[in-house]
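Below is one structure, written out as structure tokens, with a few remarks after it.
The values are calculated or read from the model by the stated rules, or taken from the named source; none is laboratory data. What you see is a predicted model, and the numbers here were worked out from it, not measured in a lab. Cβ placement follows ideal geometry from the backbone for every residue including glycine, while neighbour counts extend to all protein chains displayed.
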Amino acid sequence: MSRLMLGRTLERVCKVVLLLCLIHFLIMMILYFDVYSQRFDIFSRFNNGRGTNNSRGPHHYYYNYSSGRPNATFPSYLPAIDQLPPSARPEANRTRPTPKPVLPCPEAPPGLVGRLLIEFSSQMTMEKVQRENPSVTDGGRYTPPDCRPKQKVAIIIPFRHRDHHLKFWLHYLHPILRRQKIDYGVYIINQLGEDTFNRAKLLNVGYTEALRDTEYDCFIFSDVDLIPMDDRNLYHCYDQPRHFAIAMDKFGFRLPYAGYFGGVSGLSRKQFLKINGFPNEYWGWGGEDDDIYNRITLNGMKVSRPDVRIGRYRMIKHERDKHNEPNPQRFNKIQNTKNTMRKDGISSLTYRLVSVKKYPLYTNISVEIGKPPPRPNRG
């Protein structure tokens, strides 16, 4: 009887223990799923913060801003730095280095070499010249990479049938202009057809077409057969109209006369407009340079020139071009500059633009400029 009672007691104790274990297991499972659900909620918030369509409202970052470090309760669920708002990112408070300002180009560029050896006997090709000037971009454009020039310079060359001369001009002038720290573009103004050549009118065309390309404020007008012998003869504009080619070899390296303004000259945009540009009615060789000199002096300006030792030029020898014979009317026209300069100039320019082509070393502008008026009968 006592054994039976003992067995029943042990059976009841085992059932109680088993029931307690079951209750304990249920409690543990409830606690486990409760914690798991909290963690899942954290992940869902974190992931929703990354998306573009967050329907759960503002994103909350688990970050202890008062202590300056992440909250210790959830260290593994903090967002990455690139997910923080800009104001909360560490680099937001750093001082970024300011870019180094580009200084103005010096008045006397340090890379100039002075007197140059100029010769025209070697073989010259456009391919060679292009290899020599890799930093010159299409259209003959160049800007110094290490300083800020004060002017944008358009170099205007009147042209017809002078390809041989052009190769030498590009060969010598591009390196000179780069050493001078000039921001420039080269424009070849090609007169089509075989009618009488008109240098001054082509220069007016060059001024007009260059401004359609870029806002230049300085214009250098150069014959294609003249090469400077000293790179200190700086190709930019001055306070007064500039005459660069003051000592050519064909004149014994002297100025032929006081009013000479031929070969290579430069005017700012303001100076050019003040004289109404150049005359359009000088057909054939000669006279237009003297007319331009008269326009300058009649408008209260003076011609500036470099030192005679610096303004030396060599000319490529050649025969006189066909259809560019001396103009027999040039002397009479020069005497009437005061009466003609207001009505004959950039304000009265007419021409037909045929093509504009940008080559690696220059821009070629081909135009038709018409024919000279018939000469009056004598007697």
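What the table shows:
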read-out	value
Test result for D231, acidic (D, E), closer than 24 Å to P106 by Cα and buried (at least 22 other Cβ atoms within 10 Å of the Cβ)	yes
Segment 182-217: number of residues that are farther than 26 Å from L273 by Cα, of a type in the set (D, E, K, R) and out of contact with any Lys or Arg (no Cβ under 7 Å at 6 or more places or on another chain)	1
Residue check for T363: surrounded by fewer than 15 Cβ atoms within 10 Å (Cβ to Cβ) and at pLDDT 95 or above	no
P360 vs. criteria in a loop (DSSP other than H, G, I, E, B), in contact with a strand residue (DSSP E or B) (Cβ under 9 Å, 6 or more places away or on another chain) and either under 26 Å from G114 (Cβ atoms) or of a type in the set (V, I, T) (or both)	no
Segment 167-205 - residue that is within 29 Å of N327 (Cβ to Cβ) and among the hydroxyl-bearing types (S, T, Y) and, of those, surrounded by the fewest Cβ atoms within 10 Å (Cβ to Cβ)	T196
Scope segment 92-143; condition of a type in the set (V, I, T), under 20 Å from the mean Cα position of the chain (by Cα) and within 18 Å of V186 (Cα to Cα); matching residues	V136, T137, T143
Top-ranked residue in segment 263-293 [being surrounded by fewer than 19 Cβ atoms within 10 Å (Cβ to Cβ) and modelled with pLDDT of 95 or more; ranked as nearest to D223 (Cα to Cα)]	R269
Matching option when the condition is closer than 28 Å to K270 by Cβ and either free of Cβ contacts under 8 Å to residues at least 40 places away in the same chain or not assigned by TED's automatic domain parsing to the domain that holds P328 (or both), among P134, P144	P144
Every residue from segment 125-142 that is part of a loop (DSSP other than H, G, I, E, B) and buried (at least 17 other Cβ atoms within 10 Å of the Cβ)	N133, V136, G139, G140
Filtered residues of segment 179-192 (kept if part of a loop (DSSP other than H, G, I, E, B) and either at positive phi or of a type in the set (K, R) (or both))	K181
